[in-house]
1. Working from the pairwise distances between different alpha carbons, so that the mean of 1/r is found and then inverted, what is region 241-344's Kirkwood radius in Å?
2. In angstroms, what radius of gyration and Dmax does the chain have, counting Cα atoms only?
3. Structure shown: which of 199/414; 174/225; 229/395 lie over 25 Å apart, alpha-carbon to alpha-carbon?
4. List the residues of region 33-66 whose backbone N lies under 17 Å from a point placed 7 Å from the Cα of residue 16 along the Cα-to-Cβ direction.
5. If you count, for each residue, the other Cβ atoms within 10 Å and average over each peptide, how do 368-379, 238-249 line up from highest to lowest?
6. Suppose the chain between residue 124 and residue 105 were pulled fully straight at 0.36 nm per residue; how much longer would it get relative to their current alpha carbon spacing?
7. What accessible area per residue comes out for the chain, rounded to a whole number of Å², with a 1.4 Å probe?
8. Which percent of the accessible heavy-atom area of region 355-400 goes to carbon and sulfur, probe 1.4 angstrom?
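The values are calculated or read from the model by the stated rules, or taken from the named source; none is laboratory data. None of the values given here were measured: they were computed from a predicted structure. Neighbour counts run over all protein chains shown; Cβ positions are idealised from the backbone, glycine included. These accessible areas exclude ligands, DNA and RNA; they are computed on the full protein's heavy atoms, side chains included. Shrake-Rupley method; radii C 1.70, N 1.55, O 1.52, S 1.80 Å.
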Amino acid sequence: MYWNESMECATLNEMRALQSFRLSQTVRRVYERVPLYRKRMDEAGVSPADIRSVDDLHKLPFTYKQDLRDTYPYGMFAVPMSEIVRLHASSGTTGKQIVVGYTRKDLDTWAECCARALTAAGATKEDIIHVSYGYGLFTGGLGVHGGAEKAGMTVVPVSVGNTKRQINILRDFKPTFICCTPSYALFLAETMAEMGIDKSELALRVGIFGAEPWTEEMRKEIEAKLGLKAMDIYGLTEIIGPGVAFECQEQSGMHINEDNFIAETIDPDTGEVLPIGAQGEIVFTCINKQGFPLLRYRTRDIGVLVREKCSCGRTLIKMKKPAGRSDDMLIIRGVNVFPSQIESVLLQLGNTAPYYQLIVGRVNNTDTLEIQVEITPEMFSDTVRSLEEQSRNIKQAVESTLGISAKITLVEPKTIPRVEGKAVRVVDTRKLHD
């Protein structure tokens, strides 16, 4: 099932020709209208005339999140405010908010991207979609909402919070699709169990989950607990929101809407462009946006691009599920550690809840790692010997996977702090010792 077969199944030559045209037009426009890009390109000795095809992309300078903060709020807009019809923004938890603007055409492009994602997941006009992403300045809710309406689905715009009410709506309204973060999906399942509601009472068949990293093991757990097919969707506020890339029913990587976004992988330390198939930092260039088009934006997501025709028939380049973020990566005694690696180990072993906390510290100039893991209510009633065995199993699995030692602490159910169902993942106290 395709929403836009001509784009989703274009040949490589057709796609490269379109990308090259749109890239050259975008570069010329931002050079003329965005002072930061004009300054950066002049400093690099690059003019719009030098960018004639995708092969010239590497000549352009990178864009960093700090650039968006330094030009807050509207300094990166490439159209006058009279053409901007909507603003969105990031949370701003680590600095100034990132403010993005959309023209009417941008909103249509965004809806198109999300309609492709929903159709690839099997959506039709007969489906009802329960949207539990946040509405407001966060891009999740309104982004998927627009795509669902474009695809002709019936939308239930629930937004976040009030979990028991959401479960009643899921049971009564009988939506067949649900969109939320993967951790919230598990929180819904946990709350359903407390309410005595079985998944068979719901009509869900597909879940579209994104906005945070999640593992294949977490996918299996969501599918088992909610009785649906769990699909991945990827996006960034800075690029457009959800819908930059999406899974089809093959669940073998996310198709990038590359008629709108050119993807690269680079070495995060040197900035060198890496070949297709090599793991590196994902970089995106917007080639079909009017209000807020970014050139070579460094996402900090670590992933792999794959260029092969999918069994679904789509030829769009794929990105594998990100392994983590370069700015979330922990370096513990010289070893690179991503929280997702630990999550994968815990879910493979079973007998633990999907909530954990990493506490990184330093003792006598040596890094330490403690992993606090919630156990299930059933296991909490087990014998001390059984709990000790489980702790040893986790310790051995973590250490064999990561190559570093870690202290394992099993904690009671609902001990790890949650925010809308999501566990607090990392507490790094080393800076207190520096």
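1. Details: mean 1/r = 0.0683 Å⁻¹.
By the Kirkwood definition, the hydrodynamic radius is 14.6 Å.
2. Cα only, the chain: 22.5, 72 Å (Rg, Dmax).
3. Beyond 25 Å between Cα atoms: 229/395.
4. Inside the label zone: 51-59.
5. Sorting 368-379, 238-249 by mean packing, highest first, produces 238-249, 368-379.
6. Extra length from residue 124 to residue 105 when fully extended: 4.5 nm.
7. Roughly 43 Å² per residue, with all protein chains present.
8. Details: 1200 of 2520 Å².
Carbon and sulfur: 48 percent of the exposed surface of region 355-400.
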